[in-house]
């Protein structure tokens, strides 16, 4: 049985990873990176539109009564948001959600 497995191993490797046991080709990964880079460069040239960070910075910090803020992202439907993020508001400066960039601040500092 072991000899049959040794005989079939090269054939199995060819079917699992095209091009031998090399796996994913670096040519495909580099090609995808250049597409993303050119898309980003094209988007950055258009100065008539605001960047996502400029848009999110226009939203004033959200005041929270407690010491912990809970951010889900989308306000209309949780399905459109991001994983729940619990944000500690012990500092005086607004704290930022790492997923969507919304800022939270404690309403009543004690």
Checklist outcome for this item: One finds, for residue 57 and residue 92 with R0 = 25 angstrom and r their Cβ-Cβ distance, a FRET efficiency to the nearest 0.05 of 0.85
Next on the checklist: Is the C-alpha gyration tensor of the range 52-106 telling us rounded, prolate or oblate? Criteria: a/c under 1.5 is rounded; beyond that, a/b larger than b/c is prolate, otherwise oblate.
Outcome noted: oblate
Checklist entry - Taking the mean number of other Cβ atoms within 10 Å as a proxy for protection, how do you rank 48-57, 95-104, 62-71 from highest to lowest? => result 95-104, 62-71, 48-57
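The numbers here are math on the coordinates, done by the rules we state, and not lab data. Since the structure is predicted, the reported quantities are computational estimates derived from the model, not experimental observations. Backbone-built Cβ (ideal geometry, glycine too); neighbour counts: all protein chains shown.
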